[in-house]
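A.B. asks: Starting off with a structure, shown below.
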């Protein structure tokens, strides 16, 4: 093991030591490929962030690694390393001329060149990554990966063209001040993932509303002095409009004022328009000594909304313990309702329906819950009547009637359980959720128009209009 430690990067050396400690704690015989992979994922957030940005579900990857983890393993000829782990390291050493083996080299070899490990399920998951970072790219991996964002595939040409236009502006104007303008929920945060790979000098993403988090960040917002202005990373302010930024910079000693006024690199804002925007734009231009470049967020096609919802699918399913079918994703993405037609509205719509289905699966229909409460009340009344030696015939008839009503109310629950769809979100669930959502909002109830269902989709056929 000590010999191989010298061939690994410091990060991988640390992971191998953690894997050794983990094996020792559980009384294992050797460090396996799976032990080393789990130690890598647990100990280095940048790796998880990079994998997420390439479309890998970290929970799924971890589960597949754990499922492949052997209980008893053959020990290799050199210390505590298993024969498969030694084979992996040896293959990487033969194929790489780097002074040491870092995680991109090791994972690249695992997915492409380690023939003896190709049958592993986790290798198939890692094959989603089409390009591993080179040695000179690794310093940017932590910056260019964000754990909070679901990896979104961009399908709309207009989105990519906008990302290209914005990146060219940032690259050609070191002091650029860019505002990507679009209503809330139009997909600006998802589009941001299309922009970030275009940024040649990297980026710094901050939430100026959380001053404590900004001040406590381990990564300095302003890079070290001596860097040419044109090489500064872009300062990205998501969900911040000119009106928002002007308000945050108003206090003389605010973090936003000190940071933005002193930042020499380009600044990118993504936020909605408002009647006060023109005045805020002029105020910021005078305060910062920069001119705004304003870009309008393009519309979103159904295929792009499918990609966005698919990216969020794993998180929604895990949070609410439900399942989304491809047909349901297409149905949600094709909605033309004003309330749920935007990417943000669509995600919120599906989240609400998933949360309601989870409650339905756990407690049964809400009507059944109400009837259970009424039944409990009648039972209490019956006990009081019996204690006082009063007649209970009427109360017993009420209990029988309530039992019949409750059984009728639970028919749908039992039917879905019998057919195995108790936790599968259906189109009827989405339609029902939209009806409730529209009815609960202030103002007149309006018609909700939905595009035609795809061929073969007959579930819940009927009128697609909601009316008062």
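Here, each number is a calculation from the coordinates, and none is a lab measurement. In this text, all values refer to a predicted model and were calculated from it rather than measured experimentally. Cβ placement follows ideal geometry from the backbone for every residue including glycine, while neighbour counts extend to all protein chains displayed.
A.B. asks: On alpha carbon coordinates alone, what is the Rg over Rh value for the range 2-138, Rh being the Kirkwood radius?
C.D. replies: Values: Rg = 13.9 Å, Rh = 15.0 Å.
Using Cα coordinates only, the ratio equals 0.92.
A.B. asks: Separate question: Using 0.36 nm times the number of residues separating residue 417 and residue 290, minus their current alpha carbon distance, what extension gain do you get? Walk me through the numbers on the way to the answer.
C.D. replies: Working: separation 127, 0.36 × 127 = 45.72 nm, distance 6.15 nm.
Residue separation times 0.36 nm, minus the Cα-Cα distance, leaves 39.6 nm.
A.B. asks: Under a point spin-label approximation (7 Å from Cα along Cα-to-Cβ), what is the residue 336-residue 362 distance to one decimal in nm?
C.D. replies: The two pseudo-label positions are separated by 3.8 nm.
A.B. asks: Given 10 °C and 1.306 mPa s, compute D for the range 149-296 with the Stokes-Einstein relation, Rh being the Kirkwood radius over Cα pairs; round to the nearest whole µm²/s.
C.D. replies: The calculation lands on 101 µm²/s.
A.B. asks: Okay, next question. Among 417, 188, rank each residue by its count of other Cβ atoms within 10 Å, from fewest to most, as a rough exposure measure.
C.D. replies: Working: 417 13, 188 22.
By the 10 Å Cβ count, ascending, the order reads 417, 188.
A.B. asks: Another question about this same structure. Measure out, as a whole number of angstrom, how far apart the alpha-carbon centroids of the range 261-290 and the range 411-428 sit.
C.D. replies: Distance between centres, Cα-based: 51 Å.
A.B. asks: Quick check on the exposure proxy: order 7, 287, 12 from fewest to most C-beta atoms within 10 angstrom. Working shown, then result.
C.D. replies: Working: 7 17, 287 14, 12 24.
By the 10 Å Cβ count, ascending: 287, 7, 12.
A.B. asks: I've got another one for you. Measuring from the lowest to the highest alpha carbon on each principal axis, how far does the range 234-348 reach, largest first, in angstroms?
C.D. replies: Extents along the principal axes, in whole Å: 51, 27, 22.
A.B. asks: What are the extents of the Cα atoms of the range 1-73 along their three principal axes, listed from largest to smallest and rounded to whole Å?
C.D. replies: Computed over the range 1-73, the largest-to-smallest principal extents equal 33, 28, 16 Å.
A.B. asks: Can you sort 132, 100, 179 so the residue with the fewest Cβ neighbours within 10 Å comes first?
C.D. replies: On the way: 132 20, 100 16, 179 25.
The fewest-first ordering by Cβ neighbours comes to 100, 132, 179.
A.B. asks: Tell me the relative contact order for the range 149-296 as a rounded percent, counting alpha carbon contacts under 8 Å between residues six or more apart. Walk me through the numbers on the way to the answer.
C.D. replies: Working: 223 pairs, mean separation 51.8, N = 148.
Worked out over the range 149-296, it gives 35 percent.
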